[in-house]
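Reviewing the structure listed below.
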Amino acid sequence: MKQIVTIAELRQARKSLLAEVGLVPTMGALHDGHLSLIETARRENDYVIVTIFINPKQFAPHEDLEGYPRDIEGDLAKLQKAGVDLVFLPSPLVMYPEGFRTYVTVKEITLRLEGERRPEHFRGVTTVVSKLFNLAQPDRAYFGQKDAQQVVVLRQMVKDLNFPVEIVVCPTIREADGLAMSSRNVYLNAKERESAARLFHALQEAGQAYEKGERDPELLRTIALEVLNSDEIIRTDYVSIVDPSTFGAVIYQDDPMLILVAAQIGRPRLLDNCLLPWGLNTQEGLSTILGTN
Ligand code: PAF
């Protein structure tokens, strides 16, 4: 596995990859969720490039940039074992040299939910991912369902800026009790960790009501909200049901819906979501509805 830290080296290395390339952009502290993206990329491409870069431009000043979990040694061992061909580990100065002034902004979708709460966040994501696409020139890029809004924003960017990249969306990987894997889960103490599983239980309850025929987004939302409200450790930020292609209100109740939850549990703010009907939460369903497949 080649480790690369400069842009010149990455460009050079990319020239020698003469078949299909899958890119898995990450911020490190890799868990089984990342490894499943890499495994899928490995299966679908001839070469796999992973990037590890804690992107300062997607953190607000009060967020956890400094304390974001880091484990480079552990990450490299996992990537080696997963059969990754090339890992790109740039420094902030390599990505954003003195005088950096260009940003990529997607309108509208970025103003809702996560974008409303974290105003600069998506601009940081689209800027860094467009740079990574330009550098790695992948055929496919792999993202997790957990950050569903990020995926839909990136899909819009790929479409609008004509990046020749397929966005593949892989299902959220969960702990045994349903908690979505996230690098930030390490911040949870034992009691918070127990409560955190309720995010998934809230989605499941809504999913079960949907399976029984309930289609009213407001009723489905209330069912999920009640599960979260029954635990005093959980500070619910939002439970929202949206049209997955626009992140706006659901118009046709028979079309797929996306239910999203965000909550502060102790130090971390955790996210989770699922498509309804539940059967769509597969790589194929997710990539069709949220990605470019
Ligand atoms: O999802 C993430 O880990 C990040 O937002 C990404 C896509 C690597 C961009 O920094």
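Computed from the coordinates by the stated procedures, all read-outs in this text should not be read as laboratory data. Quick caveat, the model's predicted, so the values are computed rather than measured. For neighbour counting, all protein chains shown are included, and Cβ atoms are generated from backbone atoms with ideal geometry for every residue, glycine included.
Computed about the Cα centre, the dipole magnitude for the stretch 143-248 is approximately 280 debye when only Lys and Arg (+1) and Asp and Glu (-1) carry charge, each at its Cβ.
Here's the list of lysines a cross-link from residue 15 could span, going by alpha-carbon distance under 23 Å and ignoring same-chain residues fewer than 8 apart: 2, 131.
Normalising by the residue count of the chain, find the relative contact order in percent from Cα pairs under 8 Å and 6+ residues apart. Reported relative contact order: 18 percent. Among 182, 245, a tally of other beta-carbon atoms within 10 Å of each Cβ gives an order, fewest to most, of 245, 182.
May I ask you to work out the translational diffusion coefficient for the stretch 155-208 at 25 °C, viscosity 0.890 mPa s, via Stokes-Einstein with Rh from the Kirkwood sum over Cα pairs, reported in whole µm²/s?
Values: Rh = 13.7 Å.
Answer from the Stokes-Einstein relation: 179 µm²/s.
Is there a quick way to get the dipole size of the stretch 39-88? I mean about its Cα centre, with the Cβ of Lys and Arg at +1 and of Asp and Glu at -1; what is the value in debye to the nearest 20?
Details: 6 positive and 10 negative charges, 24 e Å.
Dipole magnitude for the stretch 39-88 comes out near 120 debye.
Annotation: the stretch 125-193 has a Kirkwood hydrodynamic radius of 13.7 angstrom, from the mean reciprocal C-alpha pair distance. Among 11-20, 223-232, the peptide with the highest mean count of other Cβ atoms within 10 Å heads the list, and the full ranking is 223-232, 11-20.
For the stretch 52-153, the list of trypsin sites (Lys or Arg not before Pro) that fall in a loop by DSSP and count at most 11 other C-beta atoms within 10 angstrom reads 101, 107. For the stretch 1-89, relative contact order (Cα pairs under 8 Å, six or more residues apart, normalised by length) works out to 44 percent. Ranking of 260, 89, 276 by neighbouring Cβ atoms within 10 Å, starting from the fewest: 89, 260, 276.
Across all Cα atoms of the stretch 1-143, the radius of gyration (one decimal) and Dmax (whole number) stand at 15.2, 43 Å.
So if I take the alpha carbon set of the stretch 94-152, get Rg, then get Rh from the Kirkwood formula, what is the Rg over Rh ratio?
With Rh from the inverse mean 1/r over Cα pairs, Rg/Rh is 0.99.
Which shape class applies to the stretch 1-55: rounded if a/c is under 1.5, otherwise prolate when a/b exceeds b/c and oblate if not, where a ≥ b ≥ c are the square roots of the Cα gyration tensor eigenvalues? Judged from the Cα gyration tensor, the stretch 1-55 comes out oblate (a/c at least 1.5, b/c at or above a/b).
Evaluated with a Cβ-only charge set (Lys, Arg +1; Asp, Glu -1), the chain carries a dipole of roughly 900 debye about its Cα centre, given to the nearest 20. Helix 148-160 versus the longest principal axis of the chain: what is the Cα-based angle in degrees, 0 to 90, to the nearest 10? So the helix axis and the longest Cα principal axis differ by about 50 degrees. Taking every Cα-Cα distance in the chain and sorting them into 10 Å bins from zero, the calculated P(r) comes out as 6, 28, 37, 22, 7, 1 percent.
Over the stretch 195-293, the pair-distance histogram of Cα-Cα distances with 10 Å bins from zero comes to 16, 49, 29, 5, 0 percent, rounded to whole numbers.
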